[in-house]
Amino acid sequence: MTSEPDIVIIGAGAAGIGAARRLAGSGLSTVVLEALPRPGGRGFTREISGMAIDLGCGWLHSADRNPWVGIAEELGIAIDRRRNAWGSQYQDLGFPPSDHIAAQTEFGAWSERITDAPPASDIAAEALDPNGCWTNYVQALSGYISGDELERISAKDYAAYDEASTEYNWRAPNGYGALITAALPQNQALHLATRVEGISLDGRRATLETSAGTLRPRAVIVTCSTNVLSGSTIRWPSALDPWREAARRLPLGNNEKIYLEITGDSPFEPETHLIGDPRDATTGSYYIMPLGMPVIECFLGGAGARKAATDGAAAAYERATDQIVKLFGSSVRGNLRPLAASDWAGTASVGGGYSHALPGQRDARDILARPFDNRLFFAGEATHATDFSTAHGAYKSGRRAAEEAIAALTADISGAVAG
Ligand SMILES: Cc1cc2nc3c(=O)[nH]c(=O)nc-3n(C[C@H](O)[C@H](O)[C@H](O)COP(=O)(O)OP(=O)(O)OC[C@H]3O[C@@H](n4cnc5c(N)ncnc54)[C@H](O)[C@@H]3O)c2cc1C
C-alpha cells in the first residue's frame, strides 16, 4: 500500500464510495481503508440461493432526488419504481380497519405536532397524545424510522428529515448494497480487512496506524459511524474531542432485519405487508415476498431491534415466526424457515442502525461535518443535515467531504508554489 498518498478515506460504505467517486480523476492519489472484509458498510447485499438479500439499506428513499438512481442508470443497474406496501395490513389480519385508521390518525397527528407545534423541550415523546390509545404503535414506527424511542429523539431533527424527504421509495432488485458496491471506482486502491487503529497529526501530514502498517496521507476523509467515532476502537488526538462529543450526541439507534424463507404451498402473496402486533412497541414489520422473492423480510427498530440483538438470532427468528403464525394460522409454521439475520449492533466497525439526534442536540450534525485543520474531513450519514440515516445522505456527504479535501489540498499546492 502507498505509504504517503494524498488522501486516505476511512470506510468503504456509501459515504466513502461517494468520496472515492468524487476523487477519481482529481489527480490526487487516494487509498480507501475498510475494516470489514467487504465494501459497502451498512449497504450489504447477500446473495443467497440466487436471491439478493439486503441486510442493511434496501429502499432508495426520496428516490426522485436520490443520486443512487442516476448512478444505477449510469451502471446499467435496474431500479424497481413500484409503490411500497408499508401502510397496508394484508387482509386486515390482526388490525381491523377501524383500529388501523385510528392508529394512523394518531401517528399523523403526532407527526403534525412535531412540525407545526414542536415541544419546547425538543423531546419528540412530548408531542404524543397523553390520552392516545396507539402510543405503542407510534413508538414502533419511531423505532423503524429513527431506531429509538421518542423519549430520546430530537423533535427538530425528526421534522427536518420529514420535511426534506419525498414520497418516492424505489428498490434495486439486485440489491441496494450491490449497487453501492458496484459504484466504487475500479482504479482506486481499496484495502479490505484493514482497520485504522490510531490517528495522529504532526507536521503537515496525518499518521494512520492500521492493522496493515502505517500511512502518512496529506488529508483523511473519516466516514465511520457515530458510534465508532465516539467509541474506543480508534485512538484519536484530543484535538478531536469536540467532533467525538458531537458524535455522542448523534448515537446510532437499533435497526436489524431478519429474513424467513417461504417453502412449499403457502397463503403468502407477493408485495404485501403486515405489522405483527400494532399494540406492541417492539413488533416486527413484515414485508411479504418483496419483489416476488420467496421470503418474508422482518424489519425491527428501537426496542424490538435491541431485543433481537440481546436475545440472539435463533430467538429473533422464533419470535418473528410466532407473530406470523398468530396472524396466518398454525399451518404456515411449516412453510417458514430461518434464512438470514443482520447484526449491526454486534458489528464492531458499525455498532448500530443509523443516527438520530438526542433532544436538543440537532446542531451536532453541523459540528460533526466541519473539517479539522484542513486535514481531516468528516462524512457519513450522520453529517447530512436532512438526509441523515440514509444511503443517499451518506453518499452526498462523501462527495461534500471530497470537495473540501480537494479545495484544501489544491490551495496547499498553490500556496507552496507561490511561497
Ligand atoms: C437495518 C438497516 C436498514 C436500513 N435501511 C435503509 C434504507 O432502506 N434506505 C436507506 O437509504 N438507508 C437505510 N439504512 C441506512 C443506511 O444503510 C446508512 O445510512 C448508510 O449505508 C451509511 O453509510 P455510511 O457510509 O455513512 O456508513 P457505513 O456504511 O457504516 O460505512 C462506514 C464504513 O467504515 C468502516 N470502518 C469503521 N471503522 C473503521 C476503521 N477503524 N478502519 C477502517 N474502516 C472502518 C465500516 O466498516 C464501514 O464499512 C439502513 C440501515 C440499517 C442498519
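The values are calculated or read from the model by the stated rules, or taken from the named source; none is laboratory data. Values in this document were obtained by computation on a predicted structure and should not be read as measured data. All Cβ positions, glycine included, derive from the backbone under ideal geometry; neighbour counts span all protein chains shown. Side chains are part of the model used for accessible areas, which takes the heavy atoms of the whole protein and leaves out ligands, DNA and RNA. Shrake-Rupley method; radii C 1.70, N 1.55, O 1.52, S 1.80 Å.
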Task: Selection from 207, 232, 290 lying farthest towards where the dipole of the chain points positive, charges on Cβ - done: 207
- [ ] Run the numbers on the chain and let me know its relative contact order in percent, using alpha-carbon pairs under 8 Å that are six or more apart.
- [x] 25 percent
Open item on the list: Starting from the 7 Å offset along Cα-to-Cβ, what nm value, one decimal, do you get for the label separation of residue 200 and residue 331?
Closed with: 7.0 nm
TODO: Could you pull out every residue, at least 5 positions away or on a different chain, whose amide H is within less than 5 Å of the one on residue 190? Hs are placed 1.01 Å off N in the peptide plane, and Pro or chain starts have none.
DONE: 32
Task: Heavy-atom SASA rank of 61, 356 (probe 1.4 Å, accessible area, largest first) - done: 61, 356
TODO: Pull up all non-local amide H partners of residue 44: gap of 5 or more, or a different chain, and H-to-H distance under 5 Å with H placed in the peptide plane.
DONE: 55, 56, 57, 177
TODO: Report, for the chain, the % of DSSP beta bridges that are antiparallel, rounded to 5.
DONE: 70 percent
Task: Å² per residue, accessible surface of the chain at 1.4 Å - done: 40 Å²
Task: By average C-beta atoms within 10 angstrom, highest first, the peptides 388-396, 235-243, 357-365 - done: 388-396, 357-365, 235-243
TODO: Roll a 1.4 angstrom probe over the protein heavy atoms and tell me the percent of accessible area of the chain that is carbon or sulfur.
DONE: 51 percent
TODO: Could you give the size of the charge dipole of segment 275-388 about its Cα centre, using +1 on the Cβ of each K and R and -1 on the Cβ of each D and E, expressed in debye and rounded to the nearest 20?
DONE: 160 debye
- [ ] Treating only the Cβ atoms of Lys and Arg (+1) and Asp and Glu (-1) as charged, compute the dipole magnitude of segment 95-164 about its Cα centre; round to the nearest 20 debye.
- [x] 60 debye
TODO: Using a 1.4 angstrom probe on the protein heavy atoms only, line up 326, 307, 156, 257 by accessible area, largest first.
DONE: 326, 156, 307, 257
Open item on the list: Let me check against my output: what whole-number percent is the relative contact order of segment 179-312, with C-alpha pairs under 8 Å and at least 6 apart?
Closed with: 16 percent
- [ ] Quick one: which residues, 5 or more positions from residue 122 or on another chain, have an amide H under 5 Å from its amide H? H modelled 1.01 Å from N in the peptide plane, none for Pro or chain starts.
- [x] none
Open item on the list: Please report the projected area of the chain's Cα convex hull averaged over all directions, in nm².
Closed with: 20.8 nm²
- [ ] Quote the charge dipole size of the chain about the Cα centre in Debye, to the nearest 20; the model charges only the Cβ of Lys and Arg (+1) and of Asp and Glu (-1).
- [x] 1120 debye
- [ ] Report the calculated FRET efficiency for residue 165 and residue 280 (r = Cβ-Cβ distance, R0 = 25 Å), to the nearest 0.05.
- [x] 0.45
TODO: Run the numbers on segment 74-178 and let me know its relative contact order in percent, using alpha-carbon pairs under 8 Å that are six or more apart.
DONE: 40 percent
- [ ] For segment 142-267, just list the percent of Cα-Cα distances falling in each 10 Å bin from zero outward, please.
- [x] 9, 25, 30, 25, 8, 2, 0
Open item on the list: When a/c reaches 1.5 or more, the comparison of a/b and b/c decides; with that in mind, is segment 95-164 rounded, prolate or oblate per its Cα gyration tensor?
Closed with: prolate
TODO: Kindly write out, for segment 388-398 in residue order, the coupling ³J(HN,Hα) from the Karplus curve 6.51 cos²θ - 1.76 cosθ + 1.60 (θ = phi - 60°), rounded to whole Hz, with x marking Gly and Pro.
DONE: 4, 6, 10, 6, 6, x, 4, 4, 5, 5, x
Task: 22 Å Cα cut-off, lysine pairs counted over the chain (separation 8 or more, or different chains) - done: 4
